[in-house]
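The next block holds one structure in the form of structure tokens; read it before the comments.
The values are calculated or read from the model by the stated rules, or taken from the named source; none is laboratory data. Since the model is a prediction, treat every value here as computed from it, not as a measurement. Backbone-built Cβ (ideal geometry, glycine too); neighbour counts: all protein chains shown. Note: areas computed on protein heavy atoms with side chains; ligands, DNA, RNA excluded. Shrake-Rupley method; radii C 1.70, N 1.55, O 1.52, S 1.80 Å.
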Amino acid sequence: MAKENKVTKKEQDISQSSEEQTLITVPSSSTDTIAPEAEPTPTVATATQDAEQAAPRGGLMKSASLVGLGNLVSSLVGMVRQSTVASLGPVLAAAFSAALSPAQRFIDLLVTGAVTGALVPTFNDYAADEKRTEMRRIVYTVVNLILLITIISTVAFYFLAPVFFDSFLVSGFDATNKPLTLQFGRIIFCSLLFLGPYYVLSAALYALKEFGFPPLAQASYHIGIMIGVAGTTLLGAHFIGLYALPLGTILGTMGEVAILIPALRRHRLGYMFVLDLSHPAIRRILKLYAPIAVSFIVSIAVTFLDTHLASDAPCAAVLNNTSACGEANISAMTFATTLIQFPQGLVGTALGAAVLPFLNEFAREGNLERFKEMLRLGFRLGLLLMVPAMAGLLLLQYPIMSALFEHGGFKAEDALNGALALQYYSFQLPFIAIDQLAISAFYARKNTVIPVIVSFISVLGYLLIALPFSHTWGMPALAFANSVQNSLHAIILLIWLRLAIGELHLRTMIPSVLKILVATLIMAAAVWGLLQGISIVPLPVNKFIGNVIKLAVCGGLGAALYFVVASLLKVEEISMVKGVLLAKLGKKKA
């Protein structure tokens, strides 16, 4: 559900209180000179400035492209995974999705939210070669601490789960589906023994600017679940049968850790049996993460409330002869969230992860202008890709949902229901890009309080829509409430960032944003026209092939038209994207 970004956006809000670093513009060197000849000429000064500005720009583009590529692979495999889960039908898919929720939320609270908020900034301070042994000690102290906590929590969850599932989380499920959901949840919770260390080790690699392996490793998680689906399909009720599905999550998380091992060895971060809780870095991590943990407790409560409301919400009008409305709602929200997370991971998360080390360095140096410039560049790149992504999902919502998920037990009406959820989730995409970057800006300044306060305020936006309308409007109200929550978070956080560090000079972005909007409108008009034309002429193929053709023709031509128009309008960021792509292809030096 769009709670994993919180779609879970993982409100990794960071902060510091009175110890917040103050960013100060570094003064220029003295203008006193002995002879005029020694003074830099304007041309040389300009060239030097351009070179200084180009370096972080190029670094951001390369880092974002690496994270984006890893996220692309992971997201594509994730879509295949969700497609295979959908083939089991909305009832079994909903049971699996609901069973995943407690484990996901717990690991979010325990470690995921700390990755960019506390772990990366702290590990980054020990990233120099001469400090590698100390960094290794810190990293594995955190890993071993997480392991201890997850072992204790897994045992506790086994005994507490029955009351939680039956009385609250899936109270609206059919009585025959509740026991299966409970057993799924107990098995899946064991996967945290590997998932927790994976996130800590990923943070260590990000701190070392090793951006490729962590997102790529996430593909293993999806592959493990697909193996579980295959086992469930082949074995059915025999032997482990249906339990192959949750067992696949354990297999997938084991693979995630294994994929990181080569990169960890290259950076001299082999396993260390240590628990140095007295180290100053551990205290700093706990201090940074404490406010984030508070926000996650609220976020987790909202996520569970979202699942509970969805299980009790009435069926949408597109569903006919369906008694299991709760299961259908949760399946629709889960699969729609998967599609939203594709551009989110490819753009929002990639930019946020890539920009954080640079912002952290500028904050340490006190270079406020470079800090703001990097943020503006990230904003422009995010909007360049997220605005057309939103338009594309709104226009192609049903062909995408049908082509990916409409097979096996997932019928046409289930695809329509999923398309409805996708429609209301899509509105938040441009705001997600802004939000991820604004959060990174606070992370870099070691500020965890302000984003937490903003997360509390934005939750009110969700509650004002979800509580009164979920029983009348149904599942679409929950999807729209999530979009409102995440959009509010971005807007309020951006305003607060302006108050914290001064003028962001966002007006300089207006020409670029207007060009992006014009290119998007032209693309949307063309895609709409192509869809109308294709619908008039029946295609002599089955429904799946017909939807694939629609996506290839309308989506492919629409994307190409967007980038052509944006290039003709001279959107600067298009040239930067081209440069990175050409560099990757060996056409020019990176």
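Considering only the range 400-418, I want to know if a residue exists there that is aromatic (Phe, Trp, Tyr), under 23 Å from Thr303 (Cα atoms) and not in a helix (DSSP H, G or I).
Within the range 400-418 (the criterion being aromatic (Phe, Trp, Tyr), under 23 Å from Thr303 (Cα atoms) and not in a helix (DSSP H, G or I)), the answer is no, since none of the residues qualifies.
Can you tell me which condition Arg284 does not meet? The list is (1) outside any helix (DSSP H, G or I); (2) surrounded by fewer than 20 Cβ atoms within 10 Å (Cβ to Cβ), and all the others hold.
Of everything listed in (1) outside any helix (DSSP H, G or I); (2) surrounded by fewer than 20 Cβ atoms within 10 Å (Cβ to Cβ), Arg284 misses just condition (1).
I need the full set of residues from the range 124-146 which are hydroxyl-bearing (Ser, Thr, Tyr) and surrounded by 22 or more Cβ atoms within 10 Å (Cβ to Cβ), in order please.
Matches in the range 124-146: Tyr140 only.
Answer yes or no as to whether Gly392 is part of a helix (DSSP H, G or I), open to solvent by less than 10 Å² (accessible area, probe 1.4 Å) and touching a residue at least 40 places away in the same chain (Cβ under 8 Å).
Judged against the criteria, Gly392 is not a match.
Among residues belonging to the range 367-389 that are open to solvent by less than 20 Å² (accessible area, probe 1.4 Å) and among the small types (Gly, Ala, Ser), point out the one that is nearest to Arg498 (Cα to Cα).
The qualifying residue nearest to Arg498 (Cα to Cα) is Gly378.
Can you pull out the residues in the range 158-173 that are of a type outside the set (Gly, Ala, Ser) and in contact with a Gly (Cβ under 8 Å, 6 or more places away or on another chain)?
Those that are of a type outside the set (Gly, Ala, Ser) and in contact with a Gly (Cβ under 8 Å, 6 or more places away or on another chain): Phe165, Val170, Phe173.
Return the pair list, or none, for Cβ contacts closer than 7 Å from residues in the range 165-178 that are closer than 13 Å to Ala94 by Cβ and not assigned by the TED database to the domain that holds Cys325 to residues that are open to solvent by 30 Å² or more (accessible area, probe 1.4 Å) and of a type in the set (Asp, Glu), at least 6 apart or on different chains.
Gly172/Asp312; Lys178/Asp166
Of everything in the range 109-123, what is of a type outside the set (A, V, I, L, M, F, W, C), farther than 11 Å from Gly196 by Cβ, assigned to a helix (DSSP H, G or I) and open to solvent by less than 20 Å² (accessible area, probe 1.4 Å)? Give them in sequence order.
Scanning the range 109-123 gives Gly117, Pro121, Thr122.
Is it the case, given these coordinates, that Phe96 is aromatic (Phe, Trp, Tyr), in the same structural domain as Thr181 (by the TED database) and buried (at least 21 other Cβ atoms within 10 Å of the Cβ)?
yes
Take the residues of the range 170-187 that are under 15 Å from Ala328 (Cα atoms) and not in a loop (DSSP other than H, G, I, E, B): which is least open to solvent (accessible area, probe 1.4 Å)?
Among residues in the range 170-187 that are under 15 Å from Ala328 (Cα atoms) and not in a loop (DSSP other than H, G, I, E, B), the one least open to solvent (accessible area, probe 1.4 Å) is Thr181.
Within the range 124-138, how many residues are under 18 Å from Val355 (Cα atoms) and either assigned to a helix (DSSP H, G or I) or of a type outside the set (Gly, Ala, Ser) (or both)?
Final tally of qualifying residues: 2.
Being buried (at least 23 other Cβ atoms within 10 Å of the Cβ), modelled with pLDDT under 85 and β-branched (Val, Ile, Thr) narrows it down to one of Ile340, Ile292, so name that one.
Only one candidate qualifies: Ile292.
For the structure I just gave you, tell me whether Tyr243 is open to solvent by 10 Å² or more (accessible area, probe 1.4 Å), in contact (Cβ under 8 Å) with a residue 24 or more places away in the chain and of a type in the set (Phe, Trp, Tyr).
In short, yes.
I'd like the full set of residues that are small (Gly, Ala, Ser) and either open to solvent by 50 Å² or more (accessible area, probe 1.4 Å) or touching a residue at least 12 places away in the same chain (Cβ under 8 Å) (or both), limited to the range 153-164.
Correct list: Ser153, Ala161.
Of these, Tyr206, Tyr198, Tyr221, which one is more than 20 Å from Met254 (Cβ to Cβ) and surrounded by 23 or more Cβ atoms within 10 Å (Cβ to Cβ)?
After ruling out the rest, the residue left standing is Tyr206.
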